[in-house]
Amino acid sequence: MVSVLKKITQVAITACLSLSMLVGCGFQLRGDFLLAPELQTLYVSSVDKHGELTRIVKQHLKLNDVNIVAVPKAELPELRILKDELNRRTLSVFPNGQVAEYEIIYTVKYQLRLANQNAQEFSFDLYRDYQDDPNRALAKSRELALLLGEMRKVAADRILRNMATIQIDS
């Protein structure tokens, strides 16, 4: 019994020391994406240049040390957000006929044009369920705004994750 307690104590001490060394060295999960060197400087354009998705994508790119240029150049890659659209579909209704639950569909289409090449087009849909309650309209509108913000962040992450998978031949 004493040897079992001694082993558990040793494992706990080793785990605590390892964890404190890991935290002490400054390691933290940041969600960085390893983009190809050719994508470290690029031009970002959008149909809605002041849109929320465009802002979040630029923010994510800057966090990953990507230099975003203000003027497009043929020798630089371009990320162009073509479509950022929200739709909803009724999933269920209350007995009185009011909608009880929606499915929110967030569609994103974008192009990535590498330097002096044709653009590659990508698209994806994100789905979330949203329960509506007309008796709590203010709270539900705030919940919907938070849900949409989260969906835009997921979309921006997905765009960068896709960019990280692109192999560029020299």
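The values are calculated or read from the model by the stated rules, or taken from the named source; none is laboratory data. Not measured: the values here are computed from a predicted model. Cβ atoms come from the backbone with ideal geometry, glycine included; neighbour counts cover every protein chain shown. When the accessible area is computed, the model is the full protein with side chains, heavy atoms only, and any ligands, DNA or RNA have been set aside. Shrake-Rupley method; radii C 1.70, N 1.55, O 1.52, S 1.80 Å.
Each of Cys16 and Asp129 was given a label point 7 Å from its Cα along the Cα-to-Cβ line. The distance between the two points is 4.4 nm. Among the listed values (i) 67, 62, 24; (ii) 49, 36, 25; (iii) 41, 37, 29, the one matching Cα extents along the principal axes in Å as calculated from this structure is (i). Solvent-accessible surface of protein heavy atoms, probed at 1.4 angstrom with all chains present, puts Thr54, Thr41 in the order Thr41, Thr54, largest first. Pairs of Cα atoms in the range 59-140 fall into 5 Å distance bins, from 0 up to the last occupied one, in shares of 3, 12, 14, 15, 13, 9, 8, 8, 8, 5, 3, 1, 0 percent.
Largest GNM mean-square fluctuation among Lys83, Lys58, Lys73, using the chain with Cα springs under 10 Å: Lys73. Rolling a 1.4 Å probe over the protein chains gives Arg80 an accessible area of about 80 Å².
Hey, what number do you get for the chain at 222 nm if only DSSP H runs of n ≥ 4 count, each worth -39500 (n - 2.57), divided across all residues, to the nearest 500? Write down the numbers at each step before the final one.
On the way: 3 runs with 64 residues, N = 170.
One gets -13000 deg cm²/dmol as the mean residue ellipticity at 222 nm.
Give me the distance in nm between label points sitting 7 Å out from Cα along the Cα-to-Cβ direction at Asn118 and Val4, one decimal. Going from the Asn118 label point to the Val4 one covers 6.9 nm.
With an 8 Å cut-off on Cα pairs and a minimum separation of 6 or more residues, tell me the relative contact order of the chain in percent. Please report the intermediate quantities before stating the final value.
Numbers: 219 pairs, mean separation 35.3, N = 170.
After rounding, I find 21 percent.
Could you put Arg89, Arg142, Arg113 in order of accessible surface area, largest first, with the 1.4 Å probe and the full protein assembly present? Don't skip to the end; give the middle numbers.
Working: Arg89 120, Arg142 145, Arg113 50 Å².
Sorted by accessible area, descending: Arg142, Arg89, Arg113.
Estimated at 0.36 nm per residue, the fully extended path between Ala164 and Leu91 surpasses their Cα-Cα distance by 22.7 nm.
Cross-link candidates for Lys73: which lysines have Cα within less than 27 Å, leaving aside residues fewer than 8 places away along the same chain? Here the lysines satisfying the reach criterion relative to Lys73 are Lys49, Lys58, Lys62, Lys83, Lys109.
Could you give the dipole magnitude of the chain about its Cα centre, charging the beta-carbon of Lys and Arg +1 and that of Asp and Glu -1, in debye to the nearest 20? Could the numbers behind the result be given before it?
On the way: 22 positive and 20 negative charges, 90 e Å.
With only Lys, Arg, Asp and Glu charged at Cβ, the dipole is about 440 debye.
Modelled spin-label separation between Asn67 and Arg55, with each label point placed 7 Å from Cα along the Cα-to-Cβ direction: 2.7 nm. The Cα-based radius of gyration of the range 37-103, divided by its Kirkwood radius, gives an Rg/Rh of 1.29.
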